[in-house]
Every structure is written in structure tokens, then in C-alpha cells.
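Laboratory data are not the source of any read-out in this text; all were calculated from the coordinates shown. These figures come from a predicted structure and were not determined experimentally. Here the Cβ positions follow ideal geometry from the backbone for every residue, glycine too, while neighbour counts run over all protein chains shown.
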Amino acid sequence: MALTESNELTLGTKAPDFKLLDTITNIKFSLSQIKGKKGTVIMFICNHCPFVKHVNEELVRLANDYRVLGFGFAAISSNDVKKHPEDQPALMYKTAQELNYTFPYLYDETQEIAKAYQASCTPDFYVFDADLELTYHGQLDDSRPQNGLPVTGRSMREALDAILNNRKAPTPQKPSIGCNIKWKDS
């Protein structure tokens, strides 16, 4: 496991469009279908990463809490499944069922979407406003596997609350930290 921080991305960046297969429903979803009235959360995750496993329950709580307030949510896995077979679509479906994901779990087979978002790690979180402009790109909270801090989703919740209250997202925004995305060989 290579410990990796999320890349810095300019706030105000427009969300790159996509159309990816949802491993839960076996239907392709586009960004416009994911988009929420108030904002949209895109999460790059995977099945095997201990950093993702550490926060999975909070991801479900976060989505459940904010979806009803007008936010759309989607998770995307972009890992090379030849290098990490545990991240293949059939197992993504199984993980989503076991953890009761209430959001699409999309498969980025070509890795083009991860590159378009400049994603670098799992988990990697992006919050966009109603106009699909980036307002937050950073950590879920300060908790990490084995650091003893509870998983609260505080950083993400503050960013989503800022949108709800017509405020700017809190700064500075701490980068997410996790496993590097497993890129295909060129």
C-alpha cells in the first residue's frame, strides 16, 4: 500500500462529465443523473483499501443524511482489476450490498474519469455546488486507520453545510489520504 494524498485542484473547477456502469443496478449513470439540486458528491473509493474500509459506514451515513437535503452522491472505483482483482465489478456489487450503499457504485474501467478528476487516492472526495463547480476537495475527517480518532465525516459535513447555508467551504482544506489508485500499465 502506497500512502498517497489527494491532488490539489482549483476550487471552482467544473465537474467532468461521465457515463459509467453502476455495479449495483447494471445501468450506466451520467453526471447529470447523479447531480443533486443543492450539490453533488463524487467519491473515488475501492473495495480493498484499508482507508476506505475504515470510513465506509460513515460514507453511507453521510449520503443518507444529505441526500434528503438535495445532494447527489456517487462512488467511483478506477483501480486496475488485473492488479487488484478484489476491486472487480462483481465484488463491487457484493461490497455495495453488504454495506448498504445508497448511492451508485460506478466502475471506471478505462480510468479516464479518475484522470479527468485528477484523482490520486482512495478515498478521494469532491463536493460540487448546484452549478457543478468544485467547492471542496479534501478529507472526510481527521480519522485514519489506527490513529484512534472517531470517524465523524466532519470535514465533508462542514463543506456540505456551507453549501446549504450559502457560505464558502471551510479553509484550509486538508487533503484526503489513502491508497494510491492502481493505474494500468501504459
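Couple of notes before you dig in:
- Residue-level analysis places Glu8 among those that are part of a loop (DSSP other than H, G, I, E, B), surrounded by fewer than 14 Cβ atoms within 10 Å (Cβ to Cβ) and of a type in the set (Asp, Glu).
- Residues that are assigned to a loop (DSSP other than H, G, I, E, B) and either among the hydrophobic types (A, V, I, L, M, F, W, C) or surrounded by fewer than 15 Cβ atoms within 10 Å (Cβ to Cβ) (or both) within segment 11-37 comprise Leu11, Gly12, Ala15, Asp17, Phe18, Ile24, Thr25, Asn26, Ile27, Lys37, listed in sequence order.
- Checked against (1) without any contact (Cβ under 8 Å) to a residue 60 or more places away in the chain; (2) buried (at least 18 other Cβ atoms within 10 Å of the Cβ); (3) closer than 21 Å to Asn26 by Cα, Asn56 meets all criteria but (3).
- Output for segment 116-158, where each listed residue is of a type in the set (A, V, I, L, M) and either in contact with a Lys or Arg (Cβ under 7 Å, 6 or more places away or on another chain) or surrounded by 15 or more Cβ atoms within 10 Å (Cβ to Cβ) (or both): Ala119, Val127, Ala130, Leu132, Leu134, Leu140, Val151, Met156
- Pairs with Cβ under 6 Å, 6+ apart, first in segment 5-32 and touching a residue at least 24 places away in the same chain (Cβ under 8 Å), second among the polar types (S, T, N, Q): Ser6/Ser120; Ser6/Ser176; Asn7/Gln118; Asn7/Ser120; Leu9/Gln118
- Selected residue [touching a Ser or Thr at 6+ places or on another chain (Cβ under 6 Å), under 18 Å from Cys49 (Cα atoms) and of a type outside the set (Val, Ile, Thr)] from Gln146, Gln97, Gln88, Gln139: Gln139
- Evaluation of Lys184 against the conditions (1) out of contact with any helix residue (DSSP H, G or I) (no Cβ under 7 Å at 6 or more places or on another chain); (2) closer than 18 Å to Ile42 by Cβ; (3) not β-branched (Val, Ile, Thr) shows that the sole unmet condition is (2).
- Among the residues of segment 61-77, those that are closer than 19 Å to Ala119 by Cβ, out of contact with any Cys (no Cβ under 8 Å at 6 or more places or on another chain) and among the small types (Gly, Ala, Ser) comprise Ala63, Gly72, Ala74, Ala75.
- Residues (without any contact (Cβ under 8 Å) to a residue 24 or more places away in the chain and either within 14 Å of the chain's Cα centre (by Cα) or exposed (fewer than 13 other Cβ atoms within 10 Å of the Cβ) (or both)) located in segment 159-177: Asn165, Asn166, Arg167, Thr171, Pro172
- Selection status of Thr110, free of Cβ contacts under 8 Å to residues at least 12 places away in the same chain, surrounded by fewer than 18 Cβ atoms within 10 Å (Cβ to Cβ) and of a type in the set (Ser, Thr, Tyr): yes
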